[in-house]
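Engineer: Got a structure here, written out as structure tokens. Questions coming.
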Amino acid sequence: MSNDALLVLDKVCKSFGSVQVIDEATVEVHAGKVSVLLGENGAGKSTLIKMIAGVHEPDAGRILMDGNAVKIPNTKASEALGIATIHQELNLVPSMTIAENITLGRVPRKFGIINRRAMRQIAREAMDKLGLNLDVNTPVGELGLAQQQLVEIAKALSLDARVLILDEPTAALTKAEIAHLFSVVNTLKAQGVGMVFISHHLDEIAEIGDFVNVLRDGKFIATVLADTEENELVRPTLMQPACWP
């Protein structure tokens, strides 16, 4: 386990009834790096990110932030630690503007009245961090899926997120939209944001990832560099843990 890791899941376990879905899995997230979770359906990827997001607590093992053991009993606790999750189903209100969505739940007020100027300023600053030039007065429902996803990321940055979880963010995007998303991810890496990236596409992993955490049937198999040959990445996902050198 690295001493400089931003976030660590250290030998975490999780069972639902008699079914153990995570068995001593270890994943590290480093500032300015993308840590990929790779595994077949049912490998435990979703359960791991739900532990980070505060949806599930591990039955055993530890979660560490900046080297300190932490508890993440709910999503509020996750957000308070600077962790944000971008789910496949985005958490935005279509009828509200970009600015209203980004400040939802923490609307700035002045003398008890909503301060819309401050709201727009918060939204613009968040969008600027991503290099996005969108009118923050635009209703989110008028945006395409890729732009909505970027608004969700901007919202996370406005909350000073240090760890960003991207759950199959490219699943419904075109090639051009994926290229734009990856440009944003590289911008975030340069800003020191640590990211967890879930994808089934090996070409994407090689392009955007730094480390790949291989999971099989809830077990941690190996961590390898993202530029590892594709056949070497696929091989451990199909093998029993004892067979992996």
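Engineer: Would you mind calculating the relative contact order of the chain from Cα pairs under 8 angstrom and at least 6 residues apart, reporting the percent as a whole number?
Structural biologist: Taking the mean separation of contacting Cα pairs over the length of the chain, I get 27 percent.
Engineer: Further, regarding this structure: Where the eigenvalues come from the Cα gyration tensor of the chain, what are the semi-axes √(5λ) of the equivalent ellipsoid, largest first, in whole Å?
Structural biologist: Over the Cα atoms of the chain, the ellipsoid semi-axes are 33, 20, 15 Å.
Engineer: Where a Cα-Cα gap under 22 Å defines reach, which lysines qualify for residue 33, not counting those fewer than 8 residues away within the same chain?
Structural biologist: Leaving aside lysines fewer than 8 places away in the same chain, those within reach of residue 33 are 11, 45, 50, 129, 155, 189.
Engineer: Using just the helices of the chain, give the 222 nm mean residue ellipticity in deg cm²/dmol: DSSP H runs with n ≥ 4 each add -39,500 (n - 2.57), and the total is spread over all residues, rounded to 500.
Structural biologist: Roughly -9500 deg cm²/dmol at 222 nm, from the helical runs in the chain.
Engineer: Starting from one equal scatterer on each C-alpha and no solvent at all, send me the Debye-based log10 I(q)/I(0) for the stretch 90-161 at q = 0.21 Å⁻¹, two decimals.
Structural biologist: Cα-only, vacuum Debye calculation for the stretch 90-161: -0.81.
Engineer: Taking neighbour Cβ counts within 10 Å as the exposure measure, how do 219, 14 sort from fewest upward?
Structural biologist: Least crowded to most crowded, the residues run 219, 14.
Engineer: To the nearest 10 degrees, how steeply does helix 116-129 sit against the main Cα axis of the chain, on a 0 to 90 scale?
Structural biologist: 40 degrees
Engineer: Right, another one. Report, in degrees rounded to the nearest 10, the 0 to 90 angle that the Cα long axis of helix 175-190 makes with the longest principal axis of the chain.
Structural biologist: For 175-190 against the chain, the angle is about 90 degrees.
Engineer: So, one more: Find the relative contact order for the stretch 90-161 and round it to a whole percent, using C-alpha pairs within less than 8 Å whose residues are 6+ positions apart.
Structural biologist: Taking the mean separation of contacting Cα pairs over the length of the stretch 90-161, I get 45 percent.
Engineer: Starting from 0.36 nm per residue, how many nanometres of slack lie between residue 118 and residue 186 once their C-alpha separation is accounted for? Can you show the working numbers first?
Structural biologist: Numbers: separation 68, 0.36 × 68 = 24.48 nm, distance 2.82 nm.
Full extension from residue 118 to residue 186 adds 21.7 nm.
Coordinate-derived values only; no laboratory data. Please read these numbers as outputs of a predicted model, since none were measured by experiment. Backbone-built Cβ (ideal geometry, glycine too); neighbour counts: all protein chains shown.
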